[in-house]
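The values are calculated or read from the model by the stated rules, or taken from the named source; none is laboratory data. Keep in mind it's a predicted model, so treat the numbers as computed, not measured. Heads up, the Cβs are rebuilt from the backbone with ideal geometry, glycines too, and the neighbour counts pull from every protein chain shown. All accessible areas refer to the heavy atoms of the entire protein, side chains included, with ligands and DNA or RNA removed. Shrake-Rupley method; radii C 1.70, N 1.55, O 1.52, S 1.80 Å.
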Amino acid sequence: MILPMLMFVLLFGLFVCGVPISFALASVAASFAYFLWGTNGMMSLIQSTWGTMNNFTLMAVPLFVFMAMMLEKSTLVEDLYSAFYKWSGPVRGGLAMASIVVGAIISAVSGVVAAGIIGMGLIALPQMDRYKYDRSISLGSILAGGTLGQLIPPSLNMIIYGAVCSVSVGGLFASGISSGLLLVVLYCLYIVVRCL
């Protein structure tokens, strides 16, 4: 009982000192593994880290992060948003629905949640503010569309889950498509009903 409390206090102290989260977690885990189990604990830590690094599936993670950064720096998100806005112009809540659909497309391209939320927040929010959208609808549609990256393939969460738990990543992707598209439809229906 006292060891978990001691680990928590040490971790909290490192956070207060300004140590980044990844280094704080790693240092607390490594130090307690050494003091509790000695060199055997350190060897098991090194072997598990090496096994995770040699996992072929995890090679997709930096590539998807790179794709998200490229989307953020290019004007592709802005062009996509303006195209969907023109297509859904006469419909009430068209800007909010465009935010949902573009967020789903960005999620399907990059697999990173931050790319969709940052891109849509910088582009869609000023447009919706200009057309006097309700703040809850505008922010809700941006956040709902941006977080679809956790569900719509290729999702980084599914890749990491599949790699760690030895589950088929293809099976996870197949299950994420239908539920992600269902969420897009339900979000758009909610926006239509709310705007009417």
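Considering only the range 61-84, I want to know if a residue exists there that is touching a residue at least 40 places away in the same chain (Cβ under 8 Å) and either in contact with a strand residue (DSSP E or B) (Cβ under 6 Å, 6 or more places away or on another chain) or charged (D, E, K, R) (or both). Yes - at least one qualifying residue is present in the range 61-84. If the condition is being assigned to a helix (DSSP H, G or I) and in contact (Cβ under 8 Å) with a residue 40 or more places away in the chain, then the range 85-107 contributes TYR85, LEU95, ALA96, MET97, SER99, ILE100, VAL101, VAL102, GLY103, ALA104, ILE106, SER107.
Scanning the range 74-82 for residues that are in a helix (DSSP H, G or I), closer than 27 Å to ILE123 by Cβ and among the polar types (S, T, N, Q) turns up at least one hit. Scanning the range 138-160 for residues that are closer than 20 Å to LEU181 by Cβ, out of contact with any Phe, Trp or Tyr (no Cβ under 9 Å at 6 or more places or on another chain), at pLDDT below 85 and open to solvent by 20 Å² or more (accessible area, probe 1.4 Å) returns THR147, GLN150, LEU151, ASN157. Close contacts from the range 35-58, counting a first residue that is under 22 Å from TYR161 (Cβ atoms) and a second that is part of a helix (DSSP H, G or I) and among the hydroxyl-bearing types (Ser, Thr, Tyr), with Cβ to Cβ under 8 Å and a gap of 6+ residues or different chains, come to LEU58/THR52. In a residue-by-residue description of the range 13-20, the property of being under 21 Å from the mean Cα position of the chain (by Cα) and open to solvent by less than 80 Å² (accessible area, probe 1.4 Å) applies to at least one position.
The residues of the range 40-64 that are of a type in the set (S, T, N, Q) and in a helix (DSSP H, G or I), listed by number, are ASN40, SER44, GLN47, SER48, THR49, THR52, THR57. Exactly one residue out of LEU122, LEU189 is surrounded by fewer than 20 Cβ atoms within 10 Å (Cβ to Cβ) and closer than 22 Å to LYS73 by Cα: that is LEU122. Against the numbered list (1) closer than 16 Å to GLN127 by Cα; (2) of a type outside the set (A, V, I, L, M); (3) modelled with pLDDT under 75; (4) open to solvent by less than 80 Å² (accessible area, probe 1.4 Å), GLY93 comes up short only at (3).
Yes/no per residue for (1) over 23 Å from ALA60 (Cβ atoms); (2) aliphatic (A, V, I, L, M); (3) assigned to a helix (DSSP H, G or I); (4) in contact with a strand residue (DSSP E or B) (Cβ under 9 Å, 6 or more places away or on another chain):
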{"position": "MET128", "(1), (2), (3), (4)": "yes, yes, yes, no"}
{"position": "LYS132", "(1), (2), (3), (4)": "yes, no, no, no"}
{"position": "GLY145", "(1), (2), (3), (4)": "no, no, yes, no"}
{"position": "GLY162", "(1), (2), (3), (4)": "no, no, yes, no"}
{"position": "GLY176", "(1), (2), (3), (4)": "no, no, yes, no"}
{"position": "TYR187", "(1), (2), (3), (4)": "yes, no, yes, no"}
